[in-house]
Amino acid sequence: MSFREFLKPEVVVEEEVSPEYEVAAILHRNQERTVLFNRVRGSELRVAGNVVASREGMCRALGTDAEGYLKHVAEAERRRGRLVEVEAEEAPAYQRASSLDALPVLKHYRGDAGRYITSGVVIAEDEELGRNASVHRMLVLDSSKMVIRLVERHLHTYYTRALERGEPLEVAVAVGVHPAVMFASAYPLELRRDELEFASAILQKPLRVVRGRRVGVMVPADAEVVIEGRITPEMHPEGPFTDITGTYDSVRLQPVVEVLGVYHREDAIYHALLPAGVEHRLFMGMPREPGIYVRASEVARVRQVALTTGGCSWLHAVVAIEKRAEDEPRRVIEAVMEAHPSVKHVVVVDSDIDVFNPREVEFAIATRFQADRDMVVFRNMRGSSLDPSAQKSGRTAKLGIDATVPLGERDAHRRAEL
Ligand code: MN
């Protein structure tokens, strides 16, 4: 389960490129192709981006396909995975000692605050809560400091508990991990569940881990790069940063990470995840779909779920159901909003509609939806901080669209056959 075992470059850039804007621009132009950069100015490391460049690619990485994806992951969530601890000598991640300055950390967009690590899986351990792995952006401040964006989820809890004990929080940041590890780390598992173990459960293969050299946490042994450090009580402005919507996230005071050590494989490949790119959206959006599927399946027979790319893989959900009762679409709309509170618009369609095809979804809205009958508006809801149209407080209006055919009118909606 390694990054390089999955990596299949489709474009190889041989000429030297700049980590400032140039790599990001090339990744942006080739969003659906995996790109390998052999020479990046100022670093010995190679750089790969768009490593997972399609929904099919993500499914392949997780050992499934688009059809089986939701069930595959939902079932993995009920299984246990297996971590196998190896000795430091057997861990490629620790083959070379390096430094933060030696890494090809990119500046992506004009207007961003600086150079950002965007593919870092941050691992922390807590005596009571166990291990946690989650993905966080980190702005490099200098050769020994970064500032980390901590949304108030699990790692924030670990951090707060450490501070209450009067200690900084020790972390290891793994860059360049197998996509299943990155996916699991972006998945909304419950607190106290170990995302690394979940990655193993998804692939039904053991994940090799190694004890950190200077921090008391386990690290994927086959990672390309490991940054060890501690999240301190010191705060520093973080942002602006281009987030998933392709607009600038605001500046906030966030915790400073003090870097204790940087290590990498021989011939390491640094994973550059382009903000707002296809790969970013896949890793953020797809891990939310199985939970939506499970919750919506409590109220209807759900066939498919998509957080659509046009909705930034975050704000728009389309759910296809095998409708059996007229109130099901509305119950599905409410279930989706509970399962994924960041969602803003939910469209429910019949199972003949391909939820991944925006033309089909629009066809369903065009021919099966009546606004005075099939629309439900919610006011003053908790929404996403990533939506620039939401109120300053984060509150937002939401809309549900039932674009299913009324049960008694199926004949009138029969689609022509050739
Ligand atoms: Mn967690």
Seminar exercise, completed: Given the conditions (1) small (Gly, Ala, Ser); (2) modelled with pLDDT of 95 or more; (3) out of contact with any Cys (no Cβ under 9 Å at 6 or more places or on another chain); (4) away from the ligand (no atom under 16 Å from the Cβ), every one holds for Gly285 apart from (3)
For this session: Go through the residues of region 220-240 one by one and say whether even a single one is under 20 Å from the mean Cα position of the chain (by Cα) and within 16 Å of the ligand (Cβ to nearest atom).
Result: yes
Problem set entry | Some residue of region 33-45 being modelled with pLDDT of 95 or more, surrounded by fewer than 20 Cβ atoms within 10 Å (Cβ to Cβ) and under 21 Å from Phe356 (Cβ atoms) | yes
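Does Asp112 count as in contact with a Phe, Trp or Tyr (Cβ under 6 Å, 6 or more places away or on another chain) and in a loop (DSSP other than H, G, I, E, B)?
On the way: in contact with a Phe, Trp or Tyr (Cβ under 6 Å, 6 or more places away or on another chain): yes; in a loop (DSSP other than H, G, I, E, B): yes.
Criteria met by Asp112.
Could you list, in sequence order, all residues of region 1-24 that are open to solvent by 40 Å² or more (accessible area, probe 1.4 Å) and in a helix (DSSP H, G or I)? Before the answer, list the steps.
Narrowing region 1-24 to residues open to solvent by 40 Å² or more (accessible area, probe 1.4 Å): 4-5, 8-10, 12, 14-16, 20-22.
Answer for region 1-24, where residues must be open to solvent by 40 Å² or more (accessible area, probe 1.4 Å) and in a helix (DSSP H, G or I): Arg4, Glu5, Glu22.
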For this session: Enumerate the strands (runs of 3 or more DSSP E) found wholly within region 123-220, keeping only those where 1 or more residues are farther than 20 Å from His280 by Cβ.
Result: 130-135, 145-148, 169-175, 207-211, 218-220
Problem set entry | Count - residues of region 199-217 that are open to solvent by 40 Å² or more (accessible area, probe 1.4 Å) and either within 16 Å of the ligand (Cβ to nearest atom) or in contact (Cβ under 8 Å) with a residue 60 or more places away in the chain (or both) | 6
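Residues Glu334, Glu360, Glu338: which one is acidic (Asp, Glu) and over 19 Å from Ala397 (Cα atoms)? It would help to see each step written out before you state the result.
Values: Glu334 fails: over 19 Å from Ala397 (Cα atoms); Glu338 fails: over 19 Å from Ala397 (Cα atoms).
On inspection, the qualifying residue turns out to be Glu360.
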For this session: Kindly list the number of the only condition in (1) in contact (Cβ under 8 Å) with a residue 60 or more places away in the chain; (2) surrounded by 15 or more Cβ atoms within 10 Å (Cβ to Cβ); (3) not hydroxyl-bearing (Ser, Thr, Tyr) that fails for Asp352.
Result: (2)
For this session: Check whether at least one residue in region 392-401 is among the hydroxyl-bearing types (Ser, Thr, Tyr) and free of Cβ contacts under 8 Å to residues at least 12 places away in the same chain, and report yes or no.
Result: yes
For this session: List the number of the failed condition for Ala97; all other conditions in (1) among the aliphatic types (A, V, I, L, M); (2) more than 16 Å from the ligand (Cβ to nearest atom); (3) open to solvent by less than 20 Å² (accessible area, probe 1.4 Å); (4) not in a helix (DSSP H, G or I) hold.
Result: (3)
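If I go through region 150-168 residue by residue, how many of them are open to solvent by 10 Å² or more (accessible area, probe 1.4 Å), within 13 Å of the ligand (Cβ to nearest atom) and in contact (Cβ under 8 Å) with a residue 40 or more places away in the chain?
Initially, region 150-168 is screened for residues open to solvent by 10 Å² or more (accessible area, probe 1.4 Å), giving 151-154, 156-157, 159-161, 163-168.
Restricting the remaining residues to those that are within 13 Å of the ligand (Cβ to nearest atom) gives 151-154, 156-157, 159.
Going one step further and asking which of them are in contact (Cβ under 8 Å) with a residue 40 or more places away in the chain, we end up with 159.
Of the residues in region 150-168, 1 are open to solvent by 10 Å² or more (accessible area, probe 1.4 Å), within 13 Å of the ligand (Cβ to nearest atom) and in contact (Cβ under 8 Å) with a residue 40 or more places away in the chain.
Any residue at all in region 181-198 that's more than 15 Å from the ligand (Cβ to nearest atom) and touching a Leu at 6+ places or on another chain (Cβ under 9 Å)?
No, that holds for no residue.
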For this session: Might you let me know whether region 73-81 holds any residue that is open to solvent by 20 Å² or more (accessible area, probe 1.4 Å), of a type in the set (Asp, Glu) and within 16 Å of the ligand (Cβ to nearest atom)?
Result: yes
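The rows are residues; the columns are (1) in contact (Cβ under 8 Å) with a residue 12 or more places away in the chain; (2) part of a strand (DSSP E or B); (3) open to solvent by less than 10 Å² (accessible area, probe 1.4 Å).
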{"site": "Glu228", "(1), (2), (3)": "yes, yes, yes"}
{"site": "Pro233", "(1), (2), (3)": "yes, yes, no"}
{"site": "Glu266", "(1), (2), (3)": "yes, no, no"}
{"site": "His280", "(1), (2), (3)": "yes, no, no"}
{"site": "Pro287", "(1), (2), (3)": "yes, no, yes"}
{"site": "Arg295", "(1), (2), (3)": "yes, no, no"}
{"site": "Gln304", "(1), (2), (3)": "yes, yes, no"}
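Does Ala133 satisfy the condition of being over 22 Å from Arg214 (Cα atoms) and open to solvent by less than 50 Å² (accessible area, probe 1.4 Å)? Steps first, please.
Details: over 22 Å from Arg214 (Cα atoms): no; open to solvent by less than 50 Å² (accessible area, probe 1.4 Å): yes.
No.
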Exercise. Could you say which residue among Val171, Val147, Val135 is β-branched (Val, Ile, Thr) and away from the ligand (no atom under 16 Å from the Cβ)?
Worked result: Val147
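The values are calculated or read from the model by the stated rules, or taken from the named source; none is laboratory data. Predicted model, so just to flag it, every value in this text is computed and none were measured. Every residue, glycine as well, gets a Cβ built from its backbone with ideal geometry; the counts of neighbours run over all protein chains shown. Calculation scope for accessible area: heavy atoms of the full protein, side chains included, ligands and nucleic acids excluded. Shrake-Rupley method; radii C 1.70, N 1.55, O 1.52, S 1.80 Å.
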